[in-house]
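What follows draws every value from the coordinates through simple rules; no lab data is involved. Note that the coordinates shown come from a computational prediction; the quantities given were computed from them, not determined experimentally. Here the Cβ is made from the backbone with ideal geometry for all residues, glycine too, and neighbour counts use every protein chain on show.
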Amino acid sequence: MAKKAEHRFGHVGIAGRPNAGKSTLLNALVGAKLAIVAPRPQTTRTIIQGVTTRPGVQIVFVDTPGIHESDNNFNRRMMQTVRQAIEGRDLIVYVVDATLPCDERELQAMDAVRKTGTPVICALNKIDKIKDKRELLPIMQKYAEVFSFKEIVPISARRGGESIAALLETITRQLPVGPALYPEDYLTDQPMRFLVAELVREQILRLTSQEVPHAVAVLVEKWEESEKLVRINASIIVERQGQKKIIIGQGGQMIKEVGTRARIEIEKWMERKVFLELFVKVVPGWRDKAEFLRELDWRMVASTTTAGDA
């Protein structure tokens, strides 16, 4: 009689440089849209946890902001978040954009991961953009030369399919034996308010000009929920009046489009009718205001609330 395979469980950090495809990969690994995706660097700003449960294994993935240089309080907080997210994990998946050269910034980012002492798998992403697959071997050899990866797995996070299945198998082999920590249907620790704010921000990133993305934040100010309808008021925060004009658009067309697209995505998640009302507020220099940054961080707000309730 064949011996039953032991159940595996582990925490896996997803790291890499901005725009490498980390959030797209998280969504592919858990089979649900937990992290927003936009064709701009630094779309992810905080730790996003997603759990996948399969026969014989449960994996807690932690997506992180892209590793980059810190030039203000907001970016420094993001880099602190990255360090906290990848330290003490069972494994790290380092995501690389296969279409870009392995330059000095890539080496610096890998060095930050190396310092954790955690085993690392390289997910060589965006291979769907490489027409001649013979080019993959020298790319893989290059990364093998500069970092002691446990394995290098070519993937297309955007297309999913067999490459993601192969990555999951590779990750599973590296995890310790242990029982599942969460129920089978558990997906994320993110509260719905945070997901809503992120879905609004995603549409702003997709629709507005280069001037706006990094200067925008979204706060859910009001939430009224009934069996059939959820009413949500959210504030879009920018740093300058010019950015406010861009988001509102001529005759209010831009903010209307942002709201319509975001509402459709929110309704998919909540499976209920949503009434979404958006406002735009100017908060000069919010990225350097410690108090405002604490208000944006739902984990800090949650811990403060818990402490106060106790």
**OP:** Quick one: P(r) of the range 77-191 from all Cα-Cα pairs, 5 Å bins, percents rounded to integers, in order of increasing distance.
**Re:** 2, 10, 18, 20, 21, 16, 8, 5, 1
Original post:
For the peptides 21-29, 194-202, 97-105, 165-173, what is the packing order when you average, over each peptide's residues, the other Cβ atoms within 10 Å and list the highest mean first?
Top reply: 21-29, 194-202, 165-173, 97-105
Subject >> Those lysines that a straight Cα-Cα span of less than 26 Å connects to K129, excepting residues fewer than 8 apart in one chain >> reply: K22, K33, K142, K150
Original post:
After finding the eigenvalues of the alpha carbon gyration tensor for the range 168-251, what semi-axes result from the square roots of 5 times each, listed largest first in whole Å?
Top reply: 36, 20, 10
